[in-house]
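The values are calculated or read from the model by the stated rules, or taken from the named source; none is laboratory data. Every value quoted in this text rests on a predicted model; they were computed, and no experiment measured them. Virtual Cβ from ideal backbone geometry, glycine too; neighbours counted across all protein chains shown.
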Amino acid sequence: MNRSIPLLFVLLWSTGFIGAKLGLPHAEPLTFLLIRFSLVLVLMTVLALVMRAPWPRDARQWFHIGVTGLLVHAVYIGGVFVSISKGLPAGVTSLVVGIQPLLTAVAAGWVLNEAVLKRQWFGLSLGFIGVALVVSGKLGTAYGLDALWPSLAALLAITVGTLYQKRFCPRFDWRTGSVAQFLPTAIATGVAASLTENLHVEWVPNFIFALAWLVLVLSLGAVSLLNMLIRRGSAVNLASLFYLVPPSTALIAWLLFDERLSGMALVGMALAVWGVYLARK
């Protein structure tokens, strides 16, 4: 595998929190995501038809790919957006979903029969400590359980979703596979949004830019890379990359919004990178 692909995935995936920061003040979270998922669905359907990409061969494959879409997109991304919109600090959200590599390592043995080496366990533990240090300066206490539980659901969804895809549908065309993933995702998000939100959107420049970025860069670019990484690597190797997301997000926020980077955060970044290196070595 091209060694630049994991790094490109981390960089693109890390911008998701930036898109949320810009867009959420102007739309409720599920309404925001409904528009995003619907646009991705339309774009990928047109692309698949124009390029005559091969479609999933039977109902079972459609089902398995659809389940991964619901878990990785609807529940994971939806949970993160809802938590942030309810006041959970982005640092706390990053820390909660940052437990994913450790959960994946625990489950990979009996779900995928993957052996996790002692060096990898050490690297995963070190990476989590690094993530905790990176976000330690952004941890807050002014939130309740209603803000925390969506991020816990997101943690479970991204863990189960990546393992499920690796187990049941690791290989599919990225164009038609995205259609199969985002179709049930858009439907489920639309139902949830119509039941819990008023579907109001402020079409201001910040929201339009955030929406365009999340559709083109995240849902088309980063998700395609995620599917490629799931297909080609072990579950533990892939999961360890998520430790690099909070440090990368912190760097991007520092560059774009002049958010402070403490000495503790810099130490955490170094530990996270070292931990991922040991886990993927």
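A few comments on the model shown:
- Only one entry in Ala210, Ala222, Ala253 is hydrophobic (A, V, I, L, M, F, W, C), touching a residue at least 24 places away in the same chain (Cβ under 8 Å) and either touching a His at 6+ places or on another chain (Cβ under 9 Å) or on the phi > 0 side of the Ramachandran plot (or both), namely Ala210.
- Tabulated pairs, segment 3-22, first closer than 13 Å to Ala250 by Cβ, second surrounded by 20 or more Cβ atoms within 10 Å (Cβ to Cβ) and of a type outside the set (Phe, Trp, Tyr), C-beta under 6 angstrom, 6+ apart or interchain: Val10/Leu241; Val10/Leu244; Val10/Ser248; Ser14/Val245; Ser14/Ser248; Ser14/Thr249; Phe17/Ala90; Phe17/Thr249
- Of the residues making up segment 1-20, those that are over 17 Å from Ser219 (Cβ atoms) and part of a helix (DSSP H, G or I) are Ser4, Ile5, Pro6, Leu7.
- Unique match (being more than 16 Å from the chain's Cα centre (by Cα), closer than 30 Å to Asp146 by Cα, buried (at least 17 other Cβ atoms within 10 Å of the Cβ) and at pLDDT 80 or above) among Leu214, Leu183, Leu226: Leu183
- Once segment 252-265 is narrowed to residues that are within 23 Å of the chain's Cα centre (by Cα) and modelled with pLDDT of 70 or more, the residue that is surrounded by the fewest Cβ atoms within 10 Å (Cβ to Cβ) is Leu255.
- Looking only at residues in segment 27-63 that are surrounded by fewer than 19 Cβ atoms within 10 Å (Cβ to Cβ) and of a type outside the set (A, V, I, L, M, F, W, C), the one that is nearest to Pro170 (Cα to Cα) is Gln61.
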